[in-house]
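Data first, discussion second: the structure below is written as structure tokens.
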Amino acid sequence: MGIFDRLVQLWRATINDFISHAEEPEKMLVQIISDMRTQLVRAKQQVAAAIADEKRLEDQARLELKQAEDWERRAMLAVQENRDDLAKQALLRRAEHVSRGQQMQITWEAHKQETERLKNSLRELNDNIEEANRKKNLLLAKQRRAQATKRIADTMSRISEKSAFEAFARMEEKIEQNERKVRASVEIDEEFSGDQLAKEFKRLESGATSETADLQLMELKSRMGLLAGPAPAGSKQLGTGQTEGALTEVPQEEKKAP
């Protein structure tokens, strides 16, 4: 079973346990993300160990091939010195290192491919955890909206009961009744307290003030030409003169009469 297969099984077991005992979704989501990050750290450590093994195999393969080259040079030196016996032994030793080096090379290449797969899986895992963290924030926002909606619905359900509206209506009637009592009390105090004679004259003065205002308004409209004003003074004098002339002429006619 691979590293990530074990991690997946562990996460599934953890998440299923959380869901079965979850009472607060927000805490559950936060805990799940925290556990996923913890497992990611462990996965990184295991992948790092696999990479180290891959590097070790690579170094061993290179070392075996280098030693094979060294024994080949020794064989050449032995041939130059006419030591064919040593040259043969050096070539045998070279063959051993070449064989081991080739095996190490094959093992290293296979391990390298596995390491690359692990690194890609680790990147994908990290991206999935980051995506889960973003989804967690969205889910928490939805959870808060759902809770707010529920609180509002509960409040509306309580205030929509008939008893609540009846209590509100009774309180409204009581306030209005108290207001009527206050107005009646003020009216009684004004009517039956203080100097009654002074109050009567005050009302008369208020009426006179109102009439004076009416006269002033009529005069203003007359000056503005909105009402027919009194006849000019000259017209009155001319009419008066004619009347007097007429009055003075009547006796003269009476004098001419026989």
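Which residue is modelled with the lowest pLDDT, if the candidates are limited to region 154-168 and must be of a type in the set (Gly, Ala, Ser) and surrounded by 10 or more Cβ atoms within 10 Å (Cβ to Cβ)?
Ala164
Take the residues in region 45-71 that are in contact with a Ser or Thr (Cβ under 7 Å, 6 or more places away or on another chain) and under 30 Å from Glu130 (Cβ atoms); name whichever of them is surrounded by the fewest Cβ atoms within 10 Å (Cβ to Cβ).
Checked region 45-71; the qualifying residue surrounded by the fewest Cβ atoms within 10 Å (Cβ to Cβ) is Ile51.
Taking the conditions exactly as written (at pLDDT 80 or above, in the same structural domain as Lys27 (by TED's automatic domain parsing) and under 28 Å from the mean Cα position of the chain (by Cα)), does Arg145 satisfy them or not?
yes
Here are Arg74, Arg42: which of them is exposed (fewer than 15 other Cβ atoms within 10 Å of the Cβ), in a helix (DSSP H, G or I) and either of a type in the set (D, E, K, R) or modelled with pLDDT under 90 (or both)?
Going through Arg74, Arg42 in turn, the sole match is Arg42.
Go through (1) in a helix (DSSP H, G or I); (2) modelled with pLDDT under 75 and name the single condition Gly194 misses.
(1)
The values are calculated or read from the model by the stated rules, or taken from the named source; none is laboratory data. Treat the numbers as computed from the prediction; the structure is a model and nothing was measured. Cβ: placed from backbone, ideal geometry, glycine included. Neighbour counts: every protein chain shown.
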